[in-house]
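Worksheet: the structure to be examined is printed underneath.
The values are calculated or read from the model by the stated rules, or taken from the named source; none is laboratory data. Note that the coordinates shown come from a computational prediction; the quantities given were computed from them, not determined experimentally. Neighbour counts run over all protein chains shown; Cβ positions are idealised from the backbone, glycine included.
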Amino acid sequence: MASDRLLRILGLLGGRDGSGAARLCEVAAEVTGMSGAGVMLLADGRPQASVCTTDEVSSLIEEAQYTLGEGPCVDAHRLGEAVSEPDLAAAGGSRWAAFSRRACGGGARAVFGYPIRIGTVRLGALNLYRDRAGLLEDEEHANALVMADVAARAVLAAQAGAPPGALGINIEEDLYLWGAVHQAAGMVSVQLDIPVADALVRLRARAFVTDRLVSEVARDVVERRLHFDAGE
Amino acid sequence: MPNQTLLVRSLVELADNLVDDFDVVDVLSLLSDRCVHALGLTAAGVMLASPSGALQVIASSSDSMRTLELFQLQSDEGPCLEAYRTGEQVVNLDLAAEGSRWPRFAPRAAAEGFRSAHSFPMQLRRRTLGTLNLLRSEPGALGEADIVAAQALADIATIAIIQHQIVIDAQVLNNQLSAALNSRVVIEQAKGKVSQATGTDMDQAFRRLRNHARNHNLRLADLASRVAEGTLSPGSLDHLQPGN
């Protein structure tokens, strides 16, 4: 039974165009009945990079988790198990106040995270969302588990061919590293004459007090609409 | 007949030990000990093939078992090597009667007090990873149920070893992936510093970093990390020549 499911999913992955990463996300959304999906890499409990997303909402969901450090993928990665929030807008709010507000504002109503891992080795999480409330059905949940497993093997297989210090080609295709955040951290570190890590903290603090995502603040810095002064 | 209660308990115990972070030698030592008790044997051991294909003694329930397993490897004959090479079970061999089959091993094992030898291949599909080896000091054959039980224990150990190898490979690849992603981040940080310090855009900052790395025969990632950490001032990088 389990292998039938795997074969069907591998068949879907093989039978369409586009980059390996993009197909992975599209098929993940399809077999789980979701509005969109994404694959995130995480390390030490924090999002590191996005391998792919199917649409703007799933990109926003990953960006919000990247900048806020909370959400279904962060928890799935940390706990090593699937995490569901079937109704982000429910009274009482979800466990991630800041993330939920962002995700709801973007059009997501239910979000799910599935750990992408092999044994004890945790690589990241599968990010799923739907524009209406509700849990995954049993069949969709079973498919999500298989998709997470396929994603783990795909990521490692891609990396297995890479030269030392480089990224696997199939990972690199659609990789998004929120580069502007790191560029801005570099710029602010020169502006304030402080270490880059401290500059990142300043960017996050600015994002928090102005109720924006750190990636949005970073874009303002890179495009030189925002400058940090030592006197502030 | 195997002792059913002990056998079931051994299977459960082995499965319990195959949690995420287990030690292969521990699990195989446990397998050897439990085989001895559940199947009424005198000694048991496990040999595994190294990547080059040479067998190594990994676990033994007793010192005399270990000595005998090493002796088989040295003399290049015996039930373990035969099971490994053929991929077939070598069971119910009466050591007193196998002097011509194993001229060196059979008398040595008999001298240690063993009467019969049995080896089970540890196989995944057609690949043999090693062998589970059993010895008995009393006369008498292993029954059909004993043979099935021993092979089942060997199969569990095989799955454990394969799973363990997959996890080790995954850990190495994941570390490489993480390191490569970190270098990317550091390059972005260095671009930001150069861009701010020299009043240029990100593209020019990147070209200047790359140009400096080439001029000084440095890896871009290493140069970027020195700039990002502040041990190299972003303004001190070589200037771009026209056309660069």
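Of the candidates A:VAL74, A:VAL51, A:VAL57, the single residue that is within 14 Å of the chain's Cα centre (by Cα), within 14 Å of chain B (Cβ to nearest Cβ) and within 24 Å of A:ARG204 (Cα to Cα) is A:VAL51. Only a single criterion out of (1) touching a residue at least 24 places away in the same chain (Cβ under 8 Å); (2) surrounded by fewer than 24 Cβ atoms within 10 Å (Cβ to Cβ); (3) farther than 16 Å from B:VAL36 by Cβ; (4) touching a Gly at 6+ places or on another chain (Cβ under 8 Å) is not satisfied by B:SER60, namely (3). How about the range B:33-67: which of its residues are among the hydrophobic types (A, V, I, L, M, F, W, C) and under 23 Å from the mean Cα position of the chain (by Cα)? Across the range B:33-67, the qualifying residues are B:CYS35, B:ALA44, B:VAL46, B:MET47, B:LEU48, B:ALA49, B:ALA54, B:LEU55, B:VAL57, B:ILE58, B:ALA59, B:MET65.
Scanning for something small (Gly, Ala, Ser), more than 19 Å from the chain's Cα centre (by Cα), under 27 Å from B:ARG219 (Cβ atoms) and not assigned by TED's automatic domain parsing to the domain that holds A:ALA154, does the range A:199-209 turn up at least one residue? So far as the range A:199-209 goes, yes, one or more of its residues are small (Gly, Ala, Ser), more than 19 Å from the chain's Cα centre (by Cα), under 27 Å from B:ARG219 (Cβ atoms) and not assigned by TED's automatic domain parsing to the domain that holds A:ALA154. Residues of the range A:41-54 that are at pLDDT 95 or above and either assigned to a loop (DSSP other than H, G, I, E, B) or surrounded by fewer than 22 Cβ atoms within 10 Å (Cβ to Cβ) (or both): A:THR54 alone. For B:PRO103, the stated conditions hold: it is modelled with pLDDT of 90 or more, in the same structural domain as B:GLY143 (by TED's automatic domain parsing), part of a loop (DSSP other than H, G, I, E, B) and farther than 26 Å from B:GLY143 by Cα.
Could you tell me whether any residue of the range A:121-135 is in a helix (DSSP H, G or I), touching a Gly at 6+ places or on another chain (Cβ under 7 Å) and hydrophobic (A, V, I, L, M, F, W, C)?
Of the range A:121-135, the ones in a helix (DSSP H, G or I) are none.
For the range A:121-135, residues in a helix (DSSP H, G or I), touching a Gly at 6+ places or on another chain (Cβ under 7 Å) and hydrophobic (A, V, I, L, M, F, W, C): absent.
Touching a Lys or Arg at 6+ places or on another chain (Cβ under 7 Å) and more than 12 Å from chain B (Cβ to nearest Cβ) - does that describe any residue in the range A:144-154? Show your work before the answer.
Residues of the range A:144-154 that are touching a Lys or Arg at 6+ places or on another chain (Cβ under 7 Å), as a first pass: A:146, A:152.
Applying the additional criterion that residues be more than 12 Å from chain B (Cβ to nearest Cβ) yields A:146.
Checked against the condition, which is being touching a Lys or Arg at 6+ places or on another chain (Cβ under 7 Å) and more than 12 Å from chain B (Cβ to nearest Cβ), the range A:144-154 yields at least one hit.
Taking the criterion of being assigned to a loop (DSSP other than H, G, I, E, B) and at negative phi, the residues of the range B:39-54 that qualify are B:LEU39, B:LEU41, B:THR42, B:SER50, B:PRO51, B:SER52, B:ALA54.
Pairs linking a residue in the range A:135-149 that is over 10 Å from A:ALA28 (Cα atoms) and assigned by TED's automatic domain parsing to the domain that holds A:ALA90 to a residue that is surrounded by 14 or more Cβ atoms within 10 Å (Cβ to Cβ) and of a type in the set (Lys, Arg), with Cβ atoms under 7 Å and 6 or more positions apart or on different chains, are A:ALA142/A:ARG5. On the stretch given as the range A:155-198, residues that are touching a residue at least 40 places away in the same chain (Cβ under 8 Å) and either in a helix (DSSP H, G or I) or out of contact with any Asp or Glu (no Cβ under 9 Å at 6 or more places or on another chain) (or both) total 10.
Filtering B:VAL25, B:VAL91, B:VAL36, B:VAL57 for residues that are in a helix (DSSP H, G or I) and over 18 Å from B:ILE159 (Cα atoms) leaves a single hit, B:VAL36.
State all residues of the range B:111-131 that are exposed (fewer than 15 other Cβ atoms within 10 Å of the Cβ) and either under 20 Å from B:GLY40 (Cβ atoms) or not assigned by TED's automatic domain parsing to the domain that holds B:ILE147 (or both); if no residue qualifies, say none. Can you show your working first?
Kept after step one, since they are exposed (fewer than 15 other Cβ atoms within 10 Å of the Cβ), are these residues of the range B:111-131: B:111, B:113, B:124-127.
Hit for the range B:111-131 is B:GLY113, nothing else.
Looking at this structure, is B:ALA157 touching a residue at least 12 places away in the same chain (Cβ under 8 Å), assigned by TED's automatic domain parsing to the domain that holds B:LEU31, crowded, with 20+ Cβ neighbours inside 10 Å and in a helix (DSSP H, G or I)? Considered against the rule, which asks whether it is touching a residue at least 12 places away in the same chain (Cβ under 8 Å), assigned by TED's automatic domain parsing to the domain that holds B:LEU31, crowded, with 20+ Cβ neighbours inside 10 Å and in a helix (DSSP H, G or I), B:ALA157 comes out as yes. Restricting the range B:160-178 to residues that are within 7 Å of chain A (Cβ to nearest Cβ) and of a type in the set (Gly, Ala, Ser) leaves a set whose member that is surrounded by the fewest Cβ atoms within 10 Å (Cβ to Cβ) is B:SER178.
Any chance the range A:161-180 includes a residue that's at pLDDT 95 or above, closer than 19 Å to B:ASP169 by Cα and within 12 Å of chain B (Cβ to nearest Cβ)? Scanning the range A:161-180 turns up no residue that is at pLDDT 95 or above, closer than 19 Å to B:ASP169 by Cα and within 12 Å of chain B (Cβ to nearest Cβ).
Would you mind stating whether A:ALA205 is farther than 30 Å from A:THR32 by Cβ and away from chain B (no Cβ under 14 Å)? Yes; evaluated as a whole, the condition is true for this residue. Residues that are touching a helix residue (DSSP H, G or I) at 6+ places or on another chain (Cβ under 9 Å), aromatic (Phe, Trp, Tyr) and under 30 Å from B:VAL172 (Cβ atoms) occur at least once in the range A:50-69. Residue check: is A:VAL121 without any contact (Cβ under 8 Å) to a residue 60 or more places away in the chain, surrounded by fewer than 22 Cβ atoms within 10 Å (Cβ to Cβ), more than 19 Å from A:THR53 (Cβ to Cβ) and not small (Gly, Ala, Ser)? Considered against the rule, which asks whether it is without any contact (Cβ under 8 Å) to a residue 60 or more places away in the chain, surrounded by fewer than 22 Cβ atoms within 10 Å (Cβ to Cβ), more than 19 Å from A:THR53 (Cβ to Cβ) and not small (Gly, Ala, Ser), A:VAL121 comes out as yes.
May I ask you to say which residue of B:ARG136, B:ARG108, B:ARG104 is within 13 Å of B:LEU41 (Cβ to Cβ) and basic (Lys, Arg)? Break it down stepwise before answering.
Values: B:ARG108 fails: within 13 Å of B:LEU41 (Cβ to Cβ); B:ARG104 fails: within 13 Å of B:LEU41 (Cβ to Cβ).
None of the other options fit; the residue is B:ARG136.
Considering only residues of the range B:195-217 that are within 13 Å of chain A (Cβ to nearest Cβ) and assigned to a loop (DSSP other than H, G, I, E, B), which is surrounded by the most Cβ atoms within 10 Å (Cβ to Cβ)? Restricting to residues being within 13 Å of chain A (Cβ to nearest Cβ) and assigned to a loop (DSSP other than H, G, I, E, B), the top hit is B:THR200.
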